[in-house]
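Since the structure comes first, as structure tokens, the remarks are kept for the end.
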Amino acid sequence: MDIRENLAQIGEEMRKEMESADALAALEALRVKVLGKKGSLTALLRGMGQLSPEERPKMGQMINEAREKMTAMLDEKQKELAQKEKEFRLIAETIDVTEPRDLPEIGAEHPMNLVLNEVLDCFTSMGFSVVEGPEVELDLYNFELLNVPKNHPARDAQDTFYIDDNVVLRSQTSPVQARTMLTQKPPIRIVCPGRVFRADEVDATHSPVFHQIEGLVIDKDVTMADLKGTLDAFAKRLYGQDIEVRFRPSFFPFTEPSAEVDLTCFNCHGKGCRVCKGTGWIEVLGCGMVNPKVLEMCGIDSTVYSGFAFGIGVERITMLRYGIKDMRLLYEGDLRFLKQFR
Amino acid sequence: MKVSMKWLKQYADIPVSPAEYESRMVMTGTGVEGTEPIAPELEGVVVGKVLTCRDHENSDHLHVCTVDVGEAEPLQIVCGAPNVKEGILVPVAKIGAKLPGGVTIKKGKMRGVESSGMLCSGPEIGVPVELYPSVGTAGLLIFREDYPVGTDVKPIFGLDDTVIDFEILANRPDCLSVWGVARETAVAMGTELKLPEITVKEVGGDIHDYAKVDVLESELCPRYAAKVIKNVRIGESPYWLRQYLYAAGMRSINNIVDITNFIMLETGHPMHAFDLSKVRGNHIIVRKAEQDEKLTTLDGKEYSLNGTELMICDEQGPTGLAGIMGGEESEITEGTQAVLFECAAFDRASIRVTARSLGIRTEASGHFERGVSPATVMDALNRACQMVNELDAGDVVSGVIDCYPNPVKPVTLTVSCARMARRAGVDIAPEEMEEILNKLLFTVSRNGDEMVVTAPAFRQDVEQEADICEEVLRYAGYERIPITHLRGETPMGGLNSTGRRESILRGQLTGMGFYESMTFSFISPKTIAALDLKDSDPRNEPLMIRNPLGEDTSCMRTTLLPGLFKTLATNIKNGNESGKLYELGTIYDAKNRTADGLPTETHELALGMYGGQADFYALRGVVEALCKQAGIRTTVASCDAAYLHPGRRAALIADGECLAVVGEVHPDTAEKFDLSGRVYVATVNLPRFFAKTQPMGEVKAIARFPAVTRDLALVMRETQQVGPLMEALRTGCGKMLEDIRMFDVFRGVQIGLGNKSVAFSLTFRASDHTLTEEEITRLTEKALKISKEQFNAVLRA
């Protein structure tokens, strides 16, 4: 047979086989069969030795051209098949994306810490430092330096746990104020979060252990309007821009004037609802201008400096924030409760 | 404090709705707990006259009456009361009337006879005997006065009144009285204050001929004033007085006692009335009790005294506990002829201590504890005498005994208007300040910015300019305080370093699936004992609370474990299948004291895990991961914590110090804390943890030369711990051993009983060249040598 014919035949056969090839493996076998070391085209090339020297380059060129053509065709086909196989594979790999699986569990901080974090973020961004003090505290700091001498009726409001005559479980976070004022020169701008203790039996709204956040600012020319501004910023940051603060006259031995602070009810936005007992306001904290007697007892010149203090009940704002009706849930640690927080 | 609205309105007009009044009082500092009609449920009951009364034909006790209630036709009403008879005036509940307890009167038949209403007893319409003396439940209330038939009964009994419950602030004991709230009301309402003019009609004589008073403790009794009433005519009080007392929640006794209670409610001055004939020697002596002296008080209880109590005595012994309760002996009775009225001021701390130690709390002691002004004693006493005149309860003997050796000087302060305005942050003009203070009955003289202010005698709370500032601001209006922002230099705020580190720890634990719990800081000492800590362990000696709520909460926790166990037990009991919990909180060390002498407070982290994937290694891994993230290299060693499973407990050690203890809870401990199933706990000593925490340094260059891994399966005794072996390899193979990992443990007869084959993967790398085959062989052989020589662990055949 003439090489030319052979070439045509090889080409024809390959085309046929290539067309019927439906897998990459078959195509690869075909490539080997034709173009491989022992392939038919390679054999043809080898057979060129029998040709005359004049014919050789011509034939050689012809075979090489055919080879290139075939290679290109095979490559083309390979791409096509590879694409098809990929599509098959993707279809075959389809999974039911709606099947359920167990989730990796992400825990949560205690709700009171979630709220506390928000509150501390708010005050630290206003330049307040976070300071802590002892929970087992001297009567001196818990009461005396805060203008509550022994046998003062204000002590009745806070049924205090005693360790001995001079040591109490602090009934408020205010002793940290006294400690700070005694050791630090104004300007002072602190918040003191922490545990406090009062001899109340446990029920839905009382706990012998609870948490407060005390705030204290001492500087020159601090006014009650600054206090309102600070608490207004806090309220808006925590509960939204439409929240207003309302000050009502009150009494605390360590502040004068003193105020009870109400916020627009964040449930009904002031319209009146169950949460705010129809008043549109929710009592959230107590505050006032630091009593000059307290400043003097703590070694700060009250003719030069003034300041304000406030105390926020963490349980209260946590319960309000999440609609928790029973304080006991906060201390029971039931995961069905804790897992609701994020 | 509950006050009758009628009484209050007598002294200050309230021309607004109750809601508006409440709001104005609240916004000026007088809290209002609520207002309530005194008889919200009584409606449709009128005065009726029984015209005829005959026996019911089918009953041996019922009567059929015709009753005139001022309507065109009399009503026919069947009545079963024994005291019903013709001609009496009685309360009649007409058809549709509402009675206390939600009863509505309907037309009905009683044993066949139609009845159009009900004749009522006192209790049936909510009128107790002390409000209107009647036979109570034994029969109908029969009016003793002549009222037109058809008149609504509510005004007759004073049941058309409203009671306001005020919440008085601790610094305003003067407001614990009708006059006090009337004063505030008049200013808040802008109405006139109409306090009564006090005049006393005396019958002559000289009080000094009747009685003598000696105050031996003028510190504890700064003022003691007395008046004598002779020819006392004991009787019942008029209705209006009984009504006022009733609204305040007090019972009417007799005219003299009612007067003293009335004065206390009206003026805030508790008073006492003695039967002068029972005061031996007619001589009142105010002194401290003698040791073991006895007194029987008005309520019949006997008290033994310890010598600190202030007593009211006569020449032979105590007749009353000063400011708290009178004695039984000198009580006012039907037969009392002469009365000594006492109106005094006592030291509040002394009254408080005595009332507490004897466990007696009375209206009087409440007033004295909060502070009664000595300066206004005479007003109250004279007002009481005026009431005696008005009620014709006796004859007031001329003269007064007034032991008041050191009259209280009025408080006068010089204040600056500008400074007060600055403190308040409100632009209040000096004129306005002056006006407000005048309304509050302060005496003011102003010269430009400077004001000289004298507080009224009833105000004991005013001590300094800040107090005057508050008075001004209360009535200028707290709503006028503007919103301004702090102007001073802004300090750098933020958490302290412990706070920051704890916040990071919490975040990591959250990421690892742990939920935070919080438990009380006090626990039962029994729960500490249940941990079986070593005798020398300081956690065995907690700080005890002197007045705990109960044994369960009687000491401060020295470890978070009891609280954690309780939380875990709650979850297991509640059927929560698995749990990962932690608490980060304060523990209290009573043995190590601070410079102040207070116990040392430190923070601990306690973790607990049960169910699901929980096992020893999982929990140890959590703690190790926390350590790794803090840059702390730890090793694991066995430990001897008795509350943990002896074969499953370990300490995490860093530089020879124990940072954490982790393990499975010992079954005995689990039983004591009601824990069922396997529970794993860990405690981390946070001060040590933070002390060892390494700040992140410079990053290391990423290795440029390839690593080589060799796997070694080493056969060793079962009892050989893997940790120490790995630690020895790490140190022994030098820094070319980049990593060593254990990936399998095999047990089987092939390797002999009591042995285990542990497979390690060792990764070698040099930072400056590609390791040669010889180097790798040398390193591997070194590892095998260490294993063989130190741990008797040999390459598995």
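A few comments on the model shown:
- The Cβ shell under 11 Å around A:Leu285 holds other residues with a net charge of -3, Lys and Arg each +1, Asp and Glu each -1.
- The stretch B:708-795 shape via C-alpha gyration tensor axes, a/c threshold 1.5: prolate
- Extreme residue, positive dipole direction of the protein assembly as shown, given options B:Ala529, B:Ile105, B:Ser373 (C-beta unit charges): B:Ala529
- Annotation: extensible slack from B:Glu43 through B:Thr777 equals 253.6 nm (criterion: 0.36 nm per residue apart, minus Cα-Cα distance).
- Shielding of peptide A:254-260 by partners, expressed as the average count of other chain Cβ atoms within 10 Å per residue Cβ, is 6.
- Residue by residue along B:573-586, Cβ atoms of other protein chains within 10 Å of the local Cβ number 3 on average.
- Each residue, B:Asp674 and B:Glu450, gets one label point 7 Å from its Cα in the Cβ direction; the gap between the two is 7.2 nm.
- Per-residue shielding of A:200-212, expressed as the average number of other chain Cβ atoms within 10 Å of the residue Cβ, stands at 2.
- Within chain A, helix-based [θ] at 222 nm, where runs of 4 or more DSSP H residues each add -39,500 (n - 2.57), nearest 500: -13000 deg cm²/dmol
- Projected label points at B:Arg54 and B:Arg546, each 7 Å from Cα along the beta carbon direction, are separated by 8.0 nanometres.
- For the stretch B:370-517, the convex hull spanned by the alpha carbon atoms encloses 298 Å³ per residue.
- Cα shape, the protein assembly as shown, gyration tensor, a/c 1.5 rule: prolate
- For the chain pair B and A, the interface hides roughly 7200 square angstrom of accessible area in total, found with a 1.4 Å probe.
- Here the mean projected area of the convex hull built on the C-alpha positions of the stretch B:538-577 is 3.5 nm².
- For chain B, the longest principal axis of the alpha carbon atoms and the long axis of helix B:255-267 meet at an angle near 50°.
- Here the protein assembly as shown carries DSSP beta bridges of which approximately 95% are antiparallel, counting only pairs with both residues inside.
- Sorted on the mean count of surrounding Cβ atoms within 10 Å across their residues, most packed first, peptides A:84-97, A:48-61 read A:48-61, A:84-97.
- Cα gyration tensor shape of the stretch A:111-338, rounded if a/c is under 1.5, else prolate or oblate by comparing a/b with b/c: oblate
- Rounded percent of accessible protein surface that carbon and sulfur make up, chain B, 1.4 Å probe: 50 percent
- Chain B: antiparallel DSSP beta bridges as a percent of all, rounded to 5: 95 percent
- The count of lysine pairs in the stretch B:497-692 that are at least 8 places apart or cross chains, and whose C-alpha atoms lie under 22 Å apart, stands at 14.
- Rounded to whole numbers, the Karplus 3J(HN,Hα) couplings from phi for the stretch A:295-310 are 4, 5, 4, 9, x, 10, 5, 6, 7, 9, 10, 9, x, 10, 9, 8 Hz, using 6.51 cos²θ - 1.76 cosθ + 1.60 with θ = phi - 60°, and x at Gly and Pro.
- If only the Cβ of Lys and Arg carry +1 and only the Cβ of Asp and Glu carry -1, the dipole of the stretch B:325-425 around its Cα centre is close to 1320 debye.
- Qualifying trypsin sites (Lys or Arg not before Pro) in the stretch A:208-270, where qualification requires a DSSP coil assignment and no more than 15 other C-beta atoms within 10 Å, comprise A:Lys220.
- Packing around the peptides A:99-111, A:187-199, B:283-295, taken as the average count of other Cβ atoms within 10 Å per residue, puts them in this order, highest first: A:187-199, B:283-295, A:99-111.
- Amide H contacts of B:Ser121 (H built 1.01 Å from N, under 5 Å, at least 5 apart or other chain): B:Leu141
- Taking amide H atoms as placed 1.01 Å from N in the peptide plane, the amide H of B:Met325 has no partner under 5 Å among residues 5 or more positions away or on other chains.
- Net dipole in debye of the stretch A:111-338 [+1 Lys, Arg Cβ; -1 Asp, Glu Cβ; about Cα centre; nearest 20]: 620 debye
- Phi to ³J(HN,Hα) by Karplus 6.51 cos²θ - 1.76 cosθ + 1.60 over the stretch A:16-28, Hz, x for Gly, Pro: 4, 4, 5, 5, 7, 5, 10, 9, 4, 5, 4, 5, 5
- Charge dipole of the stretch B:708-795 (Cα centre as origin; +1 on each Lys and Arg Cβ, -1 on each Asp and Glu Cβ, all else neutral): 300 debye, rounded to the nearest 20.
- Here the stretch B:497-692 is treated as a sphere whose radius is the Kirkwood value from Cα pairs; by Stokes-Einstein at 25 °C and 0.890 mPa s it diffuses with a coefficient of 144 µm²/s.
- CD proxy at 222 nm, helix term only [per DSSP H run n ≥ 4: -39500 (n - 2.57); per residue of chain B; nearest 500]: -8000 deg cm²/dmol
- Nitroxide proxy distance, nm - points 7 Å out along Cα→Cβ at B:Glu86 and B:Tyr147: 2.5 nm
- Rounded to whole Hz, the Karplus (6.51, -1.76, 1.60) HN-Hα couplings of the stretch B:731-736, x for glycine and proline: 6, x, 8, x, 7, 6
- Once the Cα atoms are used to define both axes, helix B:561-573 deviates from the longest principal axis of chain B by about 80 degrees.
- Options B:Thr558, B:Pro695, B:Thr498, ranked by Cα towards positive dipole end of chain B, top entry (Cβ charges): B:Pro695
- Selection among B:His283, B:Pro133, B:Gly249 by position relative to the dipole of the protein assembly as shown gives B:Gly249 as farthest towards the positive end (Cβ unit charges, Cα centre).
- For the pair A:His269 and B:Asp615, a Förster radius of 51 Å applied to the C-beta separation gives a FRET efficiency near 0.50, rounded to the nearest 0.05.
The values are calculated or read from the model by the stated rules, or taken from the named source; none is laboratory data. Since the model is a prediction, treat every value here as computed from it, not as a measurement. A quick note on method: Cβ atoms are made from the backbone with ideal geometry, for glycine too, and the neighbour counts reach across all protein chains shown. In case anyone asks, the SASA skips ligands and DNA or RNA and just uses the protein heavy atoms, side chains included. Shrake-Rupley method; radii C 1.70, N 1.55, O 1.52, S 1.80 Å.
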